[in-house]
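Q: Sharing a structure, written as structure tokens. Questions coming.
The values are calculated or read from the model by the stated rules, or taken from the named source; none is laboratory data. Just so you know, these numbers come straight off a predicted model, no measurement behind them. Here the Cβ is made from the backbone with ideal geometry for all residues, glycine too, and neighbour counts use every protein chain on show. SASA here: full protein model, heavy atoms, side chains in, ligands and nucleic acids out. Shrake-Rupley method; radii C 1.70, N 1.55, O 1.52, S 1.80 Å.
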Amino acid sequence: MGGGLVSEPSISAVVILDSDGERIAARYYTPQYATLASQQAFEKSLLGKALKSQGADEADIVIFDGLITVFRGGRDCFLFVTGDQDENEIILVEVLNTMYQALATMMPVDRRSMMDKLDMVLLALDELVDGGVILEIEPSAIVNRVGMRGADADQMPMGGVGPNLQAQTPQQALQSLKDTMGTMARAFKAAGAGN
């Protein structure tokens, strides 16, 4: 019995392009696309294949450049997941669908929404795949993790003083500013009185 080792599934790239071929977000996990020029040429090829496809609302599979690429269209964008030619297409489609569902839960899957919330898109990609290794295939888990990171950022104080002013009403922000200024004035007077 000749037994080859079964490797864990890996991803070569995750790419999101708009319908004009402009990159919205991308993560490359292979040295084959180490340069920007090689990435842009690859993305142009991806878009060409996607535009020839008929099914925009479901996953499609193409094989080219020694890679299996699965993709799916949004309103005015395309989501791509690529793997080696030996990779299991079903796993790649599952990763693609997870990415699409996670993004669709957080925002409309269109260029404008994803550009407006690019930080969330990039966090979602990082929660999905890291270094080519699939981390999560449950969309709700990705959405929850991205939400937790966003909540942590909202609770960080601005400049180390007081709570985040964006999370306050104008009256609360004004009162917080008055309190901070009062504390600073008292500290300044105390420091000046000691001399």
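Q: Can you name every residue in segment 94-119 that is under 26 Å from Gln32 (Cβ atoms) and open to solvent by 30 Å² or more (accessible area, probe 1.4 Å)?
A: Glu94, Asn97, Tyr100, Leu118
Q: I'm trying to understand the selection: among the residues of segment 1-54, which are at pLDDT 90 or above, farther than 16 Å from Val81 by Cα and among the charged types (D, E, K, R)?
A: Asp20, Glu22
Q: Right, here's the next one. Considering every residue within segment 31-46, establish whether at least one is surrounded by 15 or more Cβ atoms within 10 Å (Cβ to Cβ), among the aliphatic types (A, V, I, L, M) and over 19 Å from Arg111 (Cβ atoms).
A: no
Q: Is it the case that some residue within segment 53-65 is crowded, with 21+ Cβ neighbours inside 10 Å and not charged (D, E, K, R)? Spell out how you get there, then give the answer.
A: As a first pass, look at segment 53-65 and keep what is crowded, with 21+ Cβ neighbours inside 10 Å: none.
For segment 53-65, residues crowded, with 21+ Cβ neighbours inside 10 Å and not charged (D, E, K, R): absent.
Q: Only residues in segment 60-79 that are free of Cβ contacts under 8 Å to residues at least 40 places away in the same chain count as the first member; pair them with residues that are part of a strand (DSSP E or B) and among the basic types (Lys, Arg), Cβ under 8 angstrom, at least 6 apart or cross-chain, and list the lot.
A: Partner pairs satisfying both residue conditions: Asp60/Arg72.
Q: State yes or no: is Gly48 without any contact (Cβ under 8 Å) to a residue 40 or more places away in the chain and either over 22 Å from the mean Cα position of the chain (by Cα) or closer than 28 Å to Lys117 by Cα (or both)? Lay out the reasoning, then the answer.
A: Details: without any contact (Cβ under 8 Å) to a residue 40 or more places away in the chain: yes; either over 22 Å from the mean Cα position of the chain (by Cα) or closer than 28 Å to Lys117 by Cα (or both): yes.
Answer is yes for this residue.
Q: Another question, then. Need pairs with beta-carbon distance below 9 Å; first residue without any contact (Cβ under 8 Å) to a residue 60 or more places away in the chain and within segment 28-43, second open to solvent by less than 60 Å² (accessible area, probe 1.4 Å) and of a type in the set (Val, Ile, Thr); sequence gap 6+ or separate chains.
A: From segment 28-43, the pairs are Tyr28/Val14; Tyr28/Val15; Gln39/Val15; Phe42/Val15; Phe42/Thr82; Glu43/Val15.
Q: For a quick check of your reading of the model, give me the residue pairs whose first member lies in segment 103-115 and is more than 11 Å from Asp76 (Cα to Cα), whose second is part of a helix (DSSP H, G or I) and of a type in the set (Asp, Glu), with beta-carbon atoms closer than 8 Å and at least 6 apart or on different chains.
A: Met107/Asp116
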